[in-house]
Amino acid sequence: MVERTLSIIKPDAVERNLDIDIKSFFKKNGLKILKSKKVKISREEASEFYKVHQTKPFYNELCNYLSSGPIIVMILEGENAIAKNRQLMGATDPLKAEDGTLRKMYGISIDKNSVHGSDSMENSKIEIDFFFK
Ligand code: UDP
Ligand code: MG
């Protein structure tokens, strides 16, 4: 099924000018970039975006981090786009990510792991609306 998902190029990757490489990786792997924009979100917006993690020990740092610099938010579209994007990203911790995945190639650490991707159909809708409505 053709799906849409939200992808974010996080501050550590934008800072290192990896956006072109990451975008071409998605395109090469069958995901079309329907929309893309560079934004800088506030601490409050970041805490809203990541509110599913509000009880986690890393929540505070995570919100500080996502609002620390420019990010690139994209709508990706393609066959099984949600799962495919997660597969292309690799495991949350770059040390555990498989070879050939974005986080393996570019991630610095479990917090500075270069990319975000929606994890379900429900969340993809919520996250796309968050940035593109
Ligand atoms: N995160 C972190 N420490 C952890 C787990 C997660 O800093 O121990 C950060 C990391 O940036 C991750 C984000 O919180 O991408 C959201 O966590 P989640 O478990 O949803 O991972 P993801 O869906 O991004 O793979
Ligand atoms: Mg997640």
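Just so it is clear, none of the values below were taken in a lab; they were calculated from the coordinates. All figures in this text were calculated on a predicted structure; none of them were measured in a lab. For neighbour counting, all protein chains shown are included, and Cβ atoms are generated from backbone atoms with ideal geometry for every residue, glycine included.
Assorted remarks:
- Volume per residue of the convex hull around the Cα atoms, evaluated for the range 74-133, comes out as 84 Å³.
- Seen from a random direction on average, the alpha-carbon convex hull of the range 1-76 projects onto 5.7 square nanometres.
- The chain - percent relative contact order, Cα under 8 Å, separation 6 or more: 37 percent
- Over every Cα atom in the chain, the radius of gyration and the widest Cα-Cα span, Dmax, amount to 13.6, 37 Å.
- The HN-Hα couplings worked out from phi for the range 38-53 by the Karplus form 6.51 cos²θ - 1.76 cosθ + 1.60 (θ = phi - 60°) are 9, 9, 10, 9, 7, 4, 5, 5, 5, 5, 5, 4, 9, 4, 4, 9 Hz, whole numbers, x standing for Gly and Pro.
- Signed unit charges on C-beta, dipole axis of the chain, positive-most listed residue L34, I8, I126: L34
- Residue order, fewest to most beta carbons within 10 Å, for M121, M74, M105, M1: M1, M121, M105, M74
- With 27 Å as the limit on Cα-Cα distance, the pairs of K37/K96; K104/K133; K28/K56; K40/K104; K40/K125; K51/K125 that go past it are K37/K96; K104/K133; K28/K56.
- Scattering profile of the range 39-100 at q = 0.24 Å⁻¹ [log10 I(q)/I(0), Debye over alpha-carbon scatterers]: -1.09
- Exposure proxy shown here: for F25, F130, the number of other Cβ atoms within 10 Å sets the order, fewest to most, as F130, F25.
- Peptides 91-104, 9-22 ranked from most to least packed, by the mean per-residue count of other Cβ atoms within 10 Å: 9-22, 91-104.
- Debye, to nearest 20: dipole size of the chain, +1 on Lys, Arg Cβ, -1 on Asp, Glu Cβ: 320 debye
- Between the C-alpha center of the range 111-133 and that of the range 58-92 there is a gap of 6 Å.
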